[in-house]
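FYI, it's all coordinate maths here, none of it is from the lab. Small disclaimer: the values here were computed from a predicted structure and weren't measured. Here Cβ is always computed from backbone atoms with ideal geometry, including for glycine, and neighbour counts include all displayed protein chains.
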Amino acid sequence: MFNPPLHLHLFQTERFRCVSGTGVWYQPTHPEESKRRVVMRGGDPHITLQAGLFHRFENASADEDLVVDIGLDPESQDAEMEHRFFRNFFGYLEDCRVQKTEPSLFQLELFLWTVDGPLAIPVPGIPNCVNWWISRGFMVILGKWIGESLLGYRASYPEYYSGPMGKQVG
């Protein structure tokens, strides 16, 4: 249903294991050219994507689902925060799909701000460490300052997330 856009995790390394299907993982700024595009099939060994490197993945098949297990290192001290993020992020995207509307970049960046995982803004010819700060700056400006402060978007909505691990509060 969803191929994540090019993004990065500021402080966490991601591990992916392809359970079934075929996927392609892209890391366009990886120093090793052989790791910039990796195809994985169900049962292949996992792939590790280092913190701070731009990446994305997609289903490589039009008629087979891609099922992956994702692990983070270090694991979040707040699993509930990540659960809240995924419920809000994917709930919002599903609502946009159903309503046939484009998602708001400001709302997406605000959701991403909650997990320090901005959309990537790679500027050609600029070192990766500078692009890291550019991407983070855009996330703060677009998500927090404009999205939340000026446009009134929220980092979490009760229709997507209502409490610990999705249990109703109250």
Can you give the helix-only mean residue ellipticity at 222 nm for the chain, where every DSSP H stretch with n ≥ 4 adds -39500 (n - 2.57) and the sum goes over all residues, rounded to the nearest 500 deg cm²/dmol? -7500 deg cm²/dmol
Under unit Cβ charges (Lys, Arg +1; Asp, Glu -1), what dipole magnitude, rounded to 20 debye, does the chain have relative to its Cα centre? 260
Tell me, what is the FRET efficiency for residue 63 and residue 19 to the nearest 0.05, using R0 = 25 angstrom and their Cβ-Cβ distance as r? 0.90
Report, to one decimal in Å, the Kirkwood hydrodynamic radius for the stretch 44-96 based on all distinct Cα pairs. 13.9
For the stretch 112-147 and the stretch 1-36, what is the centre-to-centre distance using only Cα atoms, to the nearest Å? 18
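Would you mind getting the Kirkwood hydrodynamic radius of the stretch 13-73 from its Cα pairs, rounded to one decimal in Å? Each step should come with its number before you reach the end.
Numbers: mean 1/r = 0.0858 Å⁻¹.
The Cα-based Kirkwood calculation yields 11.7 Å.
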With a 10 Å cut-off between alpha carbons and a GNM built on the chain, which of 57, 111, 90 moves the most? 90
Selection from 13, 111, 132 lying farthest towards where the dipole of the chain points positive, charges on Cβ: 132
Here the relative contact order (percent) of the stretch 79-156, from C-alpha pairs under 8 Å and at least 6 apart, is 36
